Each structure stands twice: as C-alpha cells, then as structure tokens.
Amino acid sequence: MMGFDFQAGMVLALLVTGVIWAVDHWRLRPRRELAAAQLLKAEGEGADPARLAALRKQPVLVEYARSFFPIILAVLALRSFVLEPFRIPSGSMMPTLLAGDFIVVNKFSYGLRLPVTDTKILSVGSPQRGDIMVFRYPGDPSVDYIKRVIGLPGDRIRYENKTLYINGEKAEQQYLGEYTGVGAGLGMSGASLRTEQLGDVKHEILVQTRHRIAEGEWIVPDGFYFAMGDNRDNSNDSRFWGAVPESNLVGRAFMIWMSWDSASSSVNWSRIGTRLD
C-alpha cells in the first residue's frame, strides 16, 4: 500500500502558516496600528476613513494563514493521534479487503507517536494476534503496508501445506468452497475459500492449492511482529522480508468507509461501513 507523506506536508504547512501569523501579530500589526495612530494624531477627526482602513488592513497572505492554521492543526492532530484513512491498492488481503477499499485506521491502538519522527510518546496498547495492522514497510518506510498480525514477539511461526502453526499449535481451518471473485477481484475466482482461527479471531483466507510458496519456520524477535496477508499465495509479507519492528507500526484498521471497484468504475455500496475483524 503506497503512502504519501501527508504528515510531513501538514507539519510544513502548519509551520509556514504559524510563522506568518506570528510575524504579523508581533511585528507587522503593531506597525500598522502605529501608522494609523500617527495619522489620527496628525489629522484628527478629519482623517480619511478609507486611508485609515487601508493602513490597518491585514494582508491577504496573513488572512489565509490565520484562517488555515487552526484547521491544519486540527487535521494534523486527528490524523496523527486518532484516525487516518488509507486506500487498498492490491488484493493481498482478499477476501477481507479488496483493491479499491478505503479503510479507517485507529492510530491510538498501538500508542501515540509524534508526526514525522514517529517517536512514541505514550504506550497505549500493542498488536494482538489477528489484528489487521497498518505499518511502514521495513524495506522502504515511505511505503505503508497492511497485513494481519500472525506472530507476536517470541512466537515460533511455521507455515506448511497452506497451514499455520503457532508455537506448535495448528491454526484450525474450515473449507467454505471455491471463491467467486467480483470486479477487481475476479482473477481470484476458483481459489479455496477457508476460515482460519487465530486465537479468538476467526477470519477468511484464500489459498491456491497448486501453489507452494514461502514455506518455512520463523522465530519472531522481541519488539517485532510477524504479518501475513489473507490472500496467502498472493501476498508480499513477513515470510519474504521478515518481521515488522514495533517502531514501524501505524495503527489498527477497523472499518471500510468507501469502496471503489475500478473494474466497473462504480461504488461498491455493500462494503461501506463494514467492520474489520
């Protein structure tokens, strides 16, 4: 999932508008008021009202800065500490998420972090097995990925014959039949649709029985999380590039707020408002 560095842009905009507003408040505005006062002193009641208004008039740039500063501050605070929207560009999380889904991520779930630097300032919670987690891709932190949390720090993960084993225990699966894809997901039609039990979380996965990829066993290091896509044979995840460091966590996805099917160029109304488990 590609990510635009929105936070950096917002921080820059906040800084620019704040500086403009501050310079005007502490330097330029007093000068304008002084000029108006001098005019009144020199001309008294005969001073031209239009000229007085022109001397006191706030520059357009300052007006914009003053108007946008609180808005930018509110948006930045909301997206940095509470909620942030993301768009799903691929099918790696099918059938749970489809390409074109727009999701909302709870930034508060895994702790509060400062924008841009991502320095954690408050520990609130940590990823739980089965969470749908957004994180910065370890290979390129400018790119955001979304996967499901499979392994917690210290876990031993084994993936063999389309089956997960966590600390030696099999993650139970139930076959639901062949998957019928629609729209952008049509290419996955015929894949095996199953449910998988990860602790208290029961979710659907897709597997292609004739494909055998990325099998093996991994130990999750302390401070790291093992993540996999629900579309098990079409997901670039921890099986290929390793576990996700805690410092790369962004938040927990919890709802689809919009879904755009690029294949039919239409809104998929049935998915809007879907809660994510």
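Here Val104 clears all of (1) farther than 21 Å from Arg239 by Cα; (2) in contact with a helix residue (DSSP H, G or I) (Cβ under 9 Å, 6 or more places away or on another chain); (3) not basic (Lys, Arg) except the condition numbered (2). Can Val116 be described as part of a helix (DSSP H, G or I) and either surrounded by fewer than 18 Cβ atoms within 10 Å (Cβ to Cβ) or in contact with a Lys or Arg (Cβ under 8 Å, 6 or more places away or on another chain) (or both)? Spelling it out, it is not the case that Val116 is part of a helix (DSSP H, G or I) and either surrounded by fewer than 18 Cβ atoms within 10 Å (Cβ to Cβ) or in contact with a Lys or Arg (Cβ under 8 Å, 6 or more places away or on another chain) (or both).
Within region 207-252, restricting attention to residues that are of a type in the set (Gly, Ala, Ser) and either assigned to a helix (DSSP H, G or I) or touching a Lys or Arg at 6+ places or on another chain (Cβ under 6 Å) (or both), the residue that is nearest to Thr180 (Cα to Cα) is Gly229. Residues in region 140-173 that are within 29 Å of Asp261 (Cα to Cα) and either surrounded by fewer than 16 Cβ atoms within 10 Å (Cβ to Cβ) or aromatic (Phe, Trp, Tyr) (or both): Asp140, Pro141, Ser142, Val143, Tyr145.
Glu217 satisfies every condition listed in (1) farther than 19 Å from Ser142 by Cα; (2) buried (at least 18 other Cβ atoms within 10 Å of the Cβ); (3) not small (Gly, Ala, Ser) except (2). Count of region 253-273 residues, restricted to those that are assigned to a strand (DSSP E or B) and surrounded by fewer than 23 Cβ atoms within 10 Å (Cβ to Cβ), is 9.
Checked against the criterion of being at pLDDT below 90, among the aliphatic types (A, V, I, L, M) and loosely packed, with under 13 Cβ neighbours inside 10 Å, the candidates Ala42, Ala47, Ala36 yield just one match: Ala42. Filtered by the rule that a residue be at pLDDT 90 or above and not small (Gly, Ala, Ser), region 111-134 gives Pro127, Gln128, Arg129, Asp131, Ile132, Met133, Val134. The set of residues from region 19-69 being in contact with a helix residue (DSSP H, G or I) (Cβ under 6 Å, 6 or more places away or on another chain) and in contact (Cβ under 8 Å) with a residue 24 or more places away in the chain comprises Ile20, Trp21, Asp24, Arg32, Arg56, Val62, Ala65, Arg66, Phe68, Phe69.
Quick check, is Leu55 surrounded by 12 or more Cβ atoms within 10 Å (Cβ to Cβ), in a helix (DSSP H, G or I) and not assigned by TED's automatic domain parsing to the domain that holds Val124? Answer is yes for this residue. Would you check if Leu176 is surrounded by fewer than 18 Cβ atoms within 10 Å (Cβ to Cβ), more than 22 Å from Tyr137 (Cβ to Cβ) and touching a Leu at 6+ places or on another chain (Cβ under 8 Å)? When the stated conditions are applied, Leu176 passes them.
Matching residues to (1) among the aliphatic types (A, V, I, L, M); (2) under 28 Å from Trp269 (Cα atoms); (3) in the same structural domain as Leu114 (by TED's automatic domain parsing):
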{"residue": "Tyr159", "(1), (2), (3)": "no, no, yes"}
{"residue": "Gln173", "(1), (2), (3)": "no, no, yes"}
{"residue": "Val182", "(1), (2), (3)": "yes, yes, yes"}
{"residue": "Gly185", "(1), (2), (3)": "no, yes, yes"}
{"residue": "Thr195", "(1), (2), (3)": "no, yes, yes"}
{"residue": "Lys202", "(1), (2), (3)": "no, yes, yes"}
{"residue": "Gly223", "(1), (2), (3)": "no, no, yes"}
{"residue": "Asn236", "(1), (2), (3)": "no, no, yes"}
{"residue": "Phe254", "(1), (2), (3)": "no, yes, yes"}
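The values are calculated or read from the model by the stated rules, or taken from the named source; none is laboratory data. Note that the structure is a prediction, hence the values are computed from the model and not measured. Glycine also receives a Cβ, built like all others from the backbone with ideal geometry; neighbour counts cover every protein chain displayed.
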